[in-house]
Amino acid sequence: MDIDNQIQLRPRFEKSVPKSLITIIANAKELSNSLKPDFIINNLDEHIWIYIGKENKKTYSPHLHLELEELHEGGTKIKGLFGPEPALWTMFMFLHFVVAGIFIIFGVFAYSNWSLGEPFGIHLGVMMLMIIAWFSLYFTARSNRKKGMPQARELEKVMNQLLEAE
């Protein structure tokens, strides 16, 4: 899978494997014990999360979420999602909402002052700062994704071990 060239900050993929859902979950439990300090593998129903171990974890370290779906003709469909740590992703989303809220509020102020014939340059300036802040957040997230790409490759190898194990 080619996650380097995707525009998304949280790359996704889908693949089908001939193994049953139960076999994959059993493989995840076995692999979890053998990879313990370097990788953490959690399982809940048809979901498997693969994390980088605490010793190698950085603020930009990704995790891999696998959603397993049993196919009627046999085999399993796997939907994967590489993403940052949930706390980091929540912080970025919060900051995006704050920036958007400030942009909208100052947009309303600028329109009100414009319609009243009052000066509105400061409001437009703050709106421009919010646009710059939004781009800064986006490029910071892209930078973090690029820094975490080697670890994403490691997570992909662990996933392949999980799917190939008997």
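Overview of values
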{"item": "Strands (runs of 3 or more DSSP E) wholly inside region 1-114 that include at least 1 residues being touching a helix residue (DSSP H, G or I) at 6+ places or on another chain (Cβ under 9 Å), of a type in the set (D, E, K, R) and surrounded by fewer than 18 Cβ atoms within 10 Å (Cβ to Cβ)", "result": "12-17, 62-70"}
{"item": "Hits in region 26-47 - residues which are in contact with a strand residue (DSSP E or B) (Cβ under 6 Å, 6 or more places away or on another chain) and farther than 21 Å from P150 by Cβ", "result": "A28, S32, N42, E46, H47"}
{"item": "Close pairs (6 angstrom Cβ cut-off, 6 or more residues apart or separate chains): of a type in the set (S, T, Y) in region 1-19, surrounded by 13 or more Cβ atoms within 10 Å (Cβ to Cβ) and modelled with pLDDT of 55 or more anywhere", "result": "S16/G75; S16/K77"}
{"item": "Some residue of region 120-127 being within 30 Å of R10 (Cα to Cα) and outside the structural domain of T59 (by TED's automatic domain parsing)", "result": "yes"}
{"item": "Per-region count, region 48-80, residues under 14 Å from G148 (Cβ atoms) and among the aliphatic types (A, V, I, L, M)", "result": "3"}
{"item": "Close pairs (7 angstrom Cβ cut-off, 6 or more residues apart or separate chains): closer than 22 Å to L163 by Cβ in region 45-68, hydroxyl-bearing (S, T, Y) and outside any loop (DSSP other than H, G, I, E, B) anywhere", "result": "H63/Y51; L68/T76"}
{"item": "In region 30-42, the residues that are free of Cβ contacts under 8 Å to residues at least 24 places away in the same chain and closer than 14 Å to L66 by Cα", "result": "I40, N42"}
{"item": "Residue match in region 89-108 (condition: in contact (Cβ under 8 Å) with a residue 24 or more places away in the chain, among the small types (G, A, S) and not assigned by TED's automatic domain parsing to the domain that holds T23)", "result": "yes"}
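Residues checked against (1) farther than 29 Å from F139 by Cα; (2) modelled with pLDDT of 90 or more; (3) under 15 Å from the mean Cα position of the chain (by Cα):
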| position | (1), (2), (3) |
| --- | --- |
| K54 | no, no, no |
| E69 | yes, yes, no |
| I78 | yes, yes, no |
| E85 | no, no, yes |
| L88 | no, no, yes |
| L95 | no, yes, no |
| V98 | no, yes, no |
| I104 | no, yes, no |
| G125 | no, yes, no |
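The values are calculated or read from the model by the stated rules, or taken from the named source; none is laboratory data. Here the structure is a predicted model, which is why all the values come from computation and not from measurement. No Cβ is skipped: glycine too gets one built from the backbone with ideal geometry, and neighbour counts run over all protein chains shown.
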